[in-house]
1. Can you find a residue that is within 16 Å of Ile108 (Cα to Cα), in contact with a Lys or Arg (Cβ under 7 Å, 6 or more places away or on another chain), surrounded by 12 or more Cβ atoms within 10 Å (Cβ to Cβ) and modelled with pLDDT of 85 or more anywhere in the range 56-70?
2. Within the group Gly36, Gly4, which residue is exposed (fewer than 15 other Cβ atoms within 10 Å of the Cβ), on the phi > 0 side of the Ramachandran plot and at pLDDT below 90?
3. Of the residues in the range 2-52, how many are over 16 Å from Leu69 (Cα atoms) and charged (D, E, K, R)?
4. Taking the range 110-131 on its own, how many of its residues are farther than 22 Å from Asp37 by Cα and crowded, with 18+ Cβ neighbours inside 10 Å?
5. Output the residue which, of all residues in the range 129-187 that are part of a loop (DSSP other than H, G, I, E, B) and touching a helix residue (DSSP H, G or I) at 6+ places or on another chain (Cβ under 9 Å), is modelled with the highest pLDDT.
6. Is there any pair with a first residue in the range 87-111 that is assigned to a helix (DSSP H, G or I) and a second that is surrounded by fewer than 23 Cβ atoms within 10 Å (Cβ to Cβ) and aliphatic (A, V, I, L, M) whose Cβ atoms are under 7 Å apart and which are 6 or more apart or on different chains, and what are they?
7. Give the number of residues within the range 83-109 that are at pLDDT 85 or above and surrounded by fewer than 16 Cβ atoms within 10 Å (Cβ to Cβ).
8. Among the residues of the range 115-164, write down those that are in contact with a strand residue (DSSP E or B) (Cβ under 8 Å, 6 or more places away or on another chain) and basic (Lys, Arg).
Amino acid sequence: MGPGDDEPRPADAVEVGRIGEAWGIQGWFRVHPHAGDPQALFSSKRWFLAAPEAGGPRRPAGTGPARPLPARLAIAQAREHGGGVVAKARDIDDRDGAEALRGARIFISRASFPTADDGEYYWVDLIGLAVVNREERLLGEVIGLLDTGPHAVLRIAPPGRPAGTGLDPADELLIPFVGAYVDDVSLPERRIRVDWGADF
């Protein structure tokens, strides 16, 4: 690996995918993006890595000596291929080097993401926003989103019950993230206004 491999992960880093199996013999590897549109992967040439989560995919045994996982990869190329994404990092020149990365989680600085179009938002920017209805009643805070295929659904923790406090999924409020229910999103005000009754 080259200079800067121990560069600390930026404070605004967002997990965007994980590295899959080696692809070919020249150091290319498959990437499994977390989003359907992997533009964030293509927008940055610096990917920060973290070890796989417990129980996650790992490098197969018996594929040569173990190599330490670099903290950062300098990406030479990343592109869509056959419905997926493949990438090549500088200084990774063979299949063993690519396999040594398998399972690593990929983080990219939020500042490196492409600018979203008007009316479009990155999920990471919606997490933590307050949700109020047209009567200005606080319905809760966005703790996640669900991808249902046709549209996303906001997962909202009721007021006073933030994520990580043993929230029962049955207590979550689910609101489709579509124009019929979402009046506006204000990132500067950290607020989403919805057409939703407090008793739904």
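The values are calculated or read from the model by the stated rules, or taken from the named source; none is laboratory data. Predicted model, so just to flag it, every value in this text is computed and none were measured. Positions of Cβ are generated from backbone atoms using ideal geometry, with glycine treated the same way; all protein chains shown enter the neighbour counts.
1. Residues of the range 56-70 that are within 16 Å of Ile108 (Cα to Cα), as a first pass: 70.
Add one more test, that the residue is in contact with a Lys or Arg (Cβ under 7 Å, 6 or more places away or on another chain), and what stays is none.
No, the conditions are met nowhere in the range 56-70.
2. Numbers: Gly36 fails: on the phi > 0 side of the Ramachandran plot.
Every option except Gly4 fails the conditions.
3. The number of residues fulfilling the criteria is 5.
4. 2
5. Of the range 129-187, the ones part of a loop (DSSP other than H, G, I, E, B) are 129, 134-137, 148-151, 158-168, 172, 177-181, 187.
If we keep only those that are touching a helix residue (DSSP H, G or I) at 6+ places or on another chain (Cβ under 9 Å) as well, we get 158, 161, 177, 187.
On the way: Pro158: 90, Arg161: 67, Phe177: 93, Leu187: 90.
This residue is Phe177.
6. Filtered contacts from the range 87-111: Arg95/Ile25; Arg110/Val14; Arg110/Val124.
7. At the first step, the residues of the range 83-109 found to be at pLDDT 85 or above are 84-109.
Subsequent filtering for residues that are surrounded by fewer than 16 Cβ atoms within 10 Å (Cβ to Cβ) retains 84, 90-91, 93-94.
Final tally of qualifying residues: 5.
8. Arg134, Arg155, Arg161
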